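Notes for the one structure printed next.
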Amino acid sequence: MTATGHAVIGTVIAAKVGNPALAIPLALASHIAADFIPHWDTGTNREKKGLQRVLFETIFDVLLSFALSYGLLVFLFPKTEPLYAFLIILASQSFDWLMAPYYFFGIKAFKWAYDLQKLFDNKLDKPWGIINQVGILALLILAALLF
Ligand SMILES: [Zn+2]
């Protein structure tokens with residue numbers, strides 16, 4: 001999933017689960033569950049796009065992930081502590097953060113995170129790999145507001 005998608009899930013977890021001892025494991029598990037669903041992300045078609053474009057799109061994705069989460073906190077979940085939400089968002093994205101040093105810069109110490117993600121990461125190209133993400137996230141936000 002995109003960093004933005006993982007961040008939205010993290011925001012919802014932070015809004016609904018106030019106990020970090022529960023929210024952090026839940027955030028980690030959500031990363032695996034979200035990546036298991038076939039999806040598009042900035043690394044899709046890496047060979048065709050080239051690493052530089054992947055890096056550029058990923059930076060944009062990460063910035064968008066924080067901006068959108070902030071918007072959700074302000075407008076939909078104002079009772080959630082922003083710093084707490086930020087921690088849970090980072091936990092939701094953590095596998096991708098851990099793999100990034102290897103993925104972008106070839107730092108071997110982080111290869112395990114890349115190999116680990118390959119076990120559960122399923123790709124689906126645009127447009128459906130984006131449309132299904134937006135649909136799932138919209139339903140998740142709606143459920144969080146209703147229950
Ligand atoms: Zn991932």
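Observations
- Some residue of the range 102-112 being of a type in the set (Gly, Ala, Ser) and under 14 Å from the mean Cα position of the chain (by Cα): no
- Enumeration of residues in the range 1-19 that are within 14 Å of THR80 (Cβ to Cβ), within 16 Å of the ligand (Cβ to nearest atom) and in a loop (DSSP other than H, G, I, E, B): none
- Positions within the range 114-139 being aliphatic (A, V, I, L, M), without any contact (Cβ under 8 Å) to a residue 24 or more places away in the chain and more than 13 Å from the ligand (Cβ to nearest atom), in sequence order: ILE131, VAL134, ALA138, LEU139
- Residue check for LEU142: surrounded by fewer than 16 Cβ atoms within 10 Å (Cβ to Cβ) and either in a helix (DSSP H, G or I) or within 16 Å of the ligand (Cβ to nearest atom) (or both): yes
- Lone unmet requirement of (1) of a type in the set (A, V, I, L, M); (2) out of contact with any strand residue (DSSP E or B) (no Cβ under 6 Å at 6 or more places or on another chain); (3) farther than 18 Å from LEU142 by Cα for VAL17: (3)
- Failed condition for LYS79, given (1) surrounded by 12 or more Cβ atoms within 10 Å (Cβ to Cβ); (2) more than 16 Å from the ligand (Cβ to nearest atom): (1)
- Annotation note: of LEU63, LEU55, LEU22, LEU83, the sole residue that is touching a helix residue (DSSP H, G or I) at 6+ places or on another chain (Cβ under 8 Å) and part of a helix (DSSP H, G or I) is LEU55.
- Pairs where the first residue, in the range 102-113, is surrounded by 12 or more Cβ atoms within 10 Å (Cβ to Cβ) and the second is of a type in the set (Ser, Thr, Tyr) and part of a helix (DSSP H, G or I), C-beta under 7 Å, 6+ apart: TYR102/TYR114; TYR103/TYR114; PHE110/TYR102; LYS111/TYR102; ALA113/TYR102
- Some residue of the range 62-75 being more than 16 Å from the ligand (Cβ to nearest atom), under 24 Å from LYS48 (Cβ atoms) and without any contact (Cβ under 8 Å) to a residue 40 or more places away in the chain: yes
- A single entry from ASP125, ASP96, ASP115 fulfils the requirement of being over 13 Å from VAL8 (Cα atoms) and in a loop (DSSP other than H, G, I, E, B): ASP125.
- ILE89 meets the conditions (1) part of a helix (DSSP H, G or I); (2) over 17 Å from the mean Cα position of the chain (by Cα); (3) not polar (S, T, N, Q) in every case but one. The failed one is (2).
- All positions within the range 63-76 that are buried (at least 19 other Cβ atoms within 10 Å of the Cβ) and either over 23 Å from LEU140 (Cβ atoms) or of a type in the set (A, V, I, L, M) (or both): LEU72, LEU73
- Candidate set: the range 29-45, residues that are surrounded by 14 or more Cβ atoms within 10 Å (Cβ to Cβ) and not in a loop (DSSP other than H, G, I, E, B); chosen: the one farthest from the chain's Cα centre (by Cα): HIS39
FYI, it's all coordinate maths here, none of it is from the lab. Please read all numbers here as calculations on a predicted model, not as lab measurements. Quick reminder, even Gly has a Cβ in these numbers, built from the backbone with ideal geometry, and neighbours come from all protein chains shown.
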